[in-house]
Amino acid sequence: MHRGKGMKFVGDSRVVAPELRKKMLPKDYSEYPGKTEAFWPNFLLKEWMVGAVFLVGYLCLTIAHPSPLERIADPTDTGYIPLPDWYFLFLYQLLKYTYASGPYTVVGAMVIPGLAFGALLLAPFLDRGPERRPSKRPLATGFMLLAIAAITFLTWQSVATHDWEAAERQGQIVEKVEVDKSAEGYKIASENTCLTCHGDSFQGGSAGPNLTNVQLKPEEIAKIAKEGKGKMPAGVFKGDDEQLKKLSEFIAGLSKK
């Protein structure tokens, strides 16, 4: 047998050539002095410091402007106007429109928001181009701008059309008032629908202010009951002068305990 006879050279595709392996390996970031740093502790320490600054700022904000609390929920107060948090105001406003409320509540609460958020979720799959500039991605950019414009407009409309005076009045925390519901003045108030606007204990509601400790004389209360004041129209009280006198004296006698 002669030397070299029958020798075979076999190549293995699993072995990567050195020049290809060099291209596949991540770059050595030491090539960029001053543009990179160690994750621990340099980068992580900076992240913690920034987070601590925001946390302290948020705590200071909560102390300076505490959350507005309202009185205990009253299921008998049918005039209460609920208001969601600011990030749900656009949905709240949407439910005020004719074809998104009443018998069409499902349309405003589920169908329209479902279509809107579904379009945002599908935008990356509909526009799969390599371009990163917004002008080169019309579908994704258009969906996002339309969503931002709709949310901004509906939120602004909700804030602009809400009755903030009534909301502030109905949400006030008031002390308990001793109301004698067996008194004749209370019965007169219930017969003349006073409790509908001012609450069953005269604590105030969405349509009427709190009548406890009003610091008014009976004559002044009687005049308001007959002639009206503010949002209260004239002629609401339907009783006679004797009933009006008893009612005004009863309201003037209410005091916080």
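The values are calculated or read from the model by the stated rules, or taken from the named source; none is laboratory data. Note that the coordinates shown come from a computational prediction; the quantities given were computed from them, not determined experimentally. Neighbour counts run over all protein chains shown; Cβ positions are idealised from the backbone, glycine included.
If you go through region 191-218 and keep only what is of a type outside the set (A, V, I, L, M, F, W, C) and in contact with a helix residue (DSSP H, G or I) (Cβ under 7 Å, 6 or more places away or on another chain), you end up with G204, G205, S206, G208, P209, K217, P218. The C-beta contact set for region 212-233 (first residue among the acidic types (D, E), second residue exposed (fewer than 12 other Cβ atoms within 10 Å of the Cβ), distance under 8 angstrom, 6+ apart or interchain) comprises E227/A234. Restricting A73, A140 to residues that are of a type in the set (A, V, I, L, M) and farther than 28 Å from V159 by Cβ narrows the list to A140.
Kindly indicate the residue of region 187-217 that is part of a helix (DSSP H, G or I) and hydrophobic (A, V, I, L, M, F, W, C) and also farthest from P233 (Cα to Cα) among those meeting that condition. If we take residues in region 187-217 being part of a helix (DSSP H, G or I) and hydrophobic (A, V, I, L, M, F, W, C), then I188 is farthest from P233 (Cα to Cα). The helices (runs of 4 or more DSSP H) found entirely in region 49-168 that carry 3 or more residues being without any contact (Cβ under 8 Å) to a residue 24 or more places away in the chain and not assigned by TED's automatic domain parsing to the domain that holds T193 are 112-126, 138-161.
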